[in-house]
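J.: To start, I am sharing the structure in question, which I have written as structure tokens.
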Amino acid sequence: MDVKVSIFGFGNVGRATARVLLKKAGFIQRRYGLEFKVVSITDRSGTLWMPEGIDLREALTVKESLGRISAWTNDYELYDMGPKEAVRDVGADIVVDVTNEVNAHEWHLLALREGKAVVTSNKPPLAFHYGKLTKEAERRGLPYLFEATVMAGTPIITLLRDGLLGDSVERIEAVLNATTTFILSEMERGATFEAALKRAQKLGIAERDPRGDILGIDAGYKATILHCIAFEPMTFDNAEVSGIVEVTEGKIKRAGKSGKTVRLVATVEKGTVTVEPREVPLGSPLAVESHENAAVIKTDLLGELVIKGAGAGLKETASGVVSDVVKASLSLSG
Ligand SMILES: NC(=O)c1ccc[n+]([C@@H]2O[C@H](COP(=O)([O-])OP(=O)(O)OC[C@H]3O[C@@H](n4cnc5c(N)ncnc54)[C@H](OP(=O)(O)O)[C@@H]3O)[C@@H](O)[C@H]2O)c1
């Protein structure tokens, strides 16, 4: 089956997704009988639209060497359209939002109203508009999938959405932000907060504007999304979030002396989401290192369940996006 895909955002995750679609095309065809045709790519410079399917290799070369999709050589394939126009006008089965546009919920809704499935790695639409978006998708019988918003490709969303259907979740405790883990680990090795942050930025682990990570906002978005799935819709405004800015070297040393480590831990219970730096025992599943994330999910029937895996990284995030694109396609074809 041919599946037409529109990609919004051709930054790190968008390009990683395109690379995985290229690399795994044969595997996906053999295993699922699906052939993806990317019919449009939109970045902030405009939209490249080719109903017969874009040559992804060429698109990657253009974006990587010239910085914008509108540097494409054939002018007649370029359109001065933002996401809203492209969602409305481009004939696609699946809209993939891998932008960091905070107001993207507007065109997610539009896509659903146009009868298109939506796959996204973009957190704010879910952290602020989960109820509205999932209700619209349900009403129209369309897939609205967002595995890569939490723990990259590690399938915590699928676990909570499609598994444990007879269980009631009682609590989730999780480390959901790898940048803060990196900074706290560097501090354990003796670095100051400032030096650790600088190193994270130099290695490309932290953004140039690191506030989203170090103030706990990114972890707060993710924890809010987990709350929406495990319990009921809520918004990030109701989450209690403190970051790692006030974690001192002294606090880290004291934790180390008592066999503990400091991590930015999210606690999700019915009606409450809290994100704060906490001491966790070194043997705990939450004492993660490097780019790993972990969640301990407690339910009434199963007891404690641990899910742990990559929580960042480009091919790891593309894993979640592509898995959702396959899932959406299979659901549309069924
Ligand atoms: N990086 C990760 O490991 C990771 C993991 C999980 C989830 N995510 C999420 O995935 C999304 C993408 O991350 P990223 O690292 O790829 O970010 P990025 O490199 O900054 O790329 C963002 C892309 O979105 C485009 N964009 C932003 N606003 C737009 C708009 N209004 N219209 C059209 N295009 C727009 C940008 O266009 P230009 O290229 O023209 O600027 C860029 O291509 C974010 O929401 C992020 O939080 C990332």
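J.: Tell me which of these residue 319 doesn't satisfy, since it passes every other one: (1) surrounded by fewer than 18 Cβ atoms within 10 Å (Cβ to Cβ); (2) within 16 Å of the ligand (Cβ to nearest atom); (3) not acidic (Asp, Glu).
T.: Residue 319 satisfies every listed condition except (1).
J.: For a quick check of your reading of the model, give me the residue pairs whose first member lies in region 1-16 and is in the same structural domain as residue 147 (by TED's automatic domain parsing) and under 14 Å from residue 56 (Cβ atoms), whose second is near the ligand (Cβ under 6 Å from one of its atoms) and in a loop (DSSP other than H, G, I, E, B), with beta-carbon atoms closer than 7 Å and at least 6 apart or on different chains.
T.: Hits for this filter: 7/98; 14/98.
J.: Another question, then. Mind listing just one residue for me: the one in region 66-79 that is free of Cβ contacts under 8 Å to residues at least 40 places away in the same chain and in a helix (DSSP H, G or I) and, of those, surrounded by the most Cβ atoms within 10 Å (Cβ to Cβ)? Spell out the reasoning first.
T.: First, the residues of region 66-79 that are free of Cβ contacts under 8 Å to residues at least 40 places away in the same chain: 66-68, 70-79.
Narrowing the set further to residues that are in a helix (DSSP H, G or I) leaves 66, 70-71, 75-77.
Values: 66: 12, 70: 18, 71: 14, 75: 7, 76: 7, 77: 14.
Filtering region 66-79 for residues that are free of Cβ contacts under 8 Å to residues at least 40 places away in the same chain and in a helix (DSSP H, G or I), the one surrounded by the most Cβ atoms within 10 Å (Cβ to Cβ) comes out as 70.
J.: Within region 168-183, which residues are buried (at least 24 other Cβ atoms within 10 Å of the Cβ) and of a type outside the set (Ser, Thr, Tyr)? Working first, answer last.
T.: First, the residues of region 168-183 that are buried (at least 24 other Cβ atoms within 10 Å of the Cβ): 172, 174-181, 183.
Matches in region 168-183: 172, 174, 175, 176, 177, 178, 183.
J.: Pairs only if they're at least six apart or on different chains, beta carbon under 6 angstrom, first in region 19-41 and farther than 15 Å from residue 54 by Cβ and among the aliphatic types (A, V, I, L, M), second outside any helix (DSSP H, G or I) and modelled with pLDDT of 95 or more; list them, first residue then second.
T.: Cβ pairs passing all conditions: 28/34; 34/3.
J.: Inspect region 73-95 for any residue being in contact with a helix residue (DSSP H, G or I) (Cβ under 6 Å, 6 or more places away or on another chain), assigned by TED's automatic domain parsing to the domain that holds residue 58, under 20 Å from residue 311 (Cβ atoms) and within 11 Å of the ligand (Cβ to nearest atom) and give the result as yes or no.
T.: Checked against the condition, which is being in contact with a helix residue (DSSP H, G or I) (Cβ under 6 Å, 6 or more places away or on another chain), assigned by TED's automatic domain parsing to the domain that holds residue 58, under 20 Å from residue 311 (Cβ atoms) and within 11 Å of the ligand (Cβ to nearest atom), region 73-95 yields no hits at all.
J.: Which residue out of 149, 134 is over 22 Å from residue 45 (Cα atoms), hydroxyl-bearing (Ser, Thr, Tyr) and within 16 Å of the ligand (Cβ to nearest atom)? Break it down into steps so the answer makes sense when it comes.
T.: On the way: 134 fails: within 16 Å of the ligand (Cβ to nearest atom).
Testing whether each residue is over 22 Å from residue 45 (Cα atoms), hydroxyl-bearing (Ser, Thr, Tyr) and within 16 Å of the ligand (Cβ to nearest atom) leaves just 149.
J.: How many residues, within region 18-41, are polar (S, T, N, Q) and more than 14 Å from residue 94 (Cα to Cα)? Walk me through it before giving the result.
T.: Within region 18-41, the subset polar (S, T, N, Q) is 29, 40.
Then keep just the ones that are more than 14 Å from residue 94 (Cα to Cα); that gives 29.
Number of matching residues: 1.
J.: Can you tell me which residue among 170, 194 is more than 15 Å from the ligand (Cβ to nearest atom), under 20 Å from residue 278 (Cβ atoms) and of a type in the set (Asp, Glu)? Step through it out loud before you land on a result.
T.: Details: 194 fails: under 20 Å from residue 278 (Cβ atoms).
Answer to the selection: 170.
J.: Consider region 9-54. How many of its residues are under 23 Å from residue 312 (Cβ atoms), surrounded by 16 or more Cβ atoms within 10 Å (Cβ to Cβ) and of a type in the set (A, V, I, L, M, F, W, C)?
T.: Of the residues in that region, 6 qualify.
J.: Which condition number does residue 159 fail, the rest of (1) in contact with a strand residue (DSSP E or B) (Cβ under 7 Å, 6 or more places away or on another chain); (2) within 13 Å of the ligand (Cβ to nearest atom); (3) under 25 Å from residue 178 (Cβ atoms) being met?
T.: (2)
J.: Would region 323-332 turn up any residue that is buried (at least 22 other Cβ atoms within 10 Å of the Cβ), under 30 Å from residue 32 (Cα atoms) and β-branched (Val, Ile, Thr)?
T.: Just the residues of region 323-332 that are buried (at least 22 other Cβ atoms within 10 Å of the Cβ), to begin with: 324-325, 328-329.
Now drop any that are not under 30 Å from residue 32 (Cα atoms), which leaves 324-325, 328-329.
Still in the running and β-branched (Val, Ile, Thr): 325.
Within region 323-332 (the criterion being buried (at least 22 other Cβ atoms within 10 Å of the Cβ), under 30 Å from residue 32 (Cα atoms) and β-branched (Val, Ile, Thr)), the answer is yes, since at least one residue qualifies.
The values are calculated or read from the model by the stated rules, or taken from the named source; none is laboratory data. Only a predicted model underlies this, so the values are computations on that prediction, with no experimental measurement involved. Glycine gets a Cβ as well: all are built from the backbone with ideal geometry, and neighbour counts include every protein chain shown.
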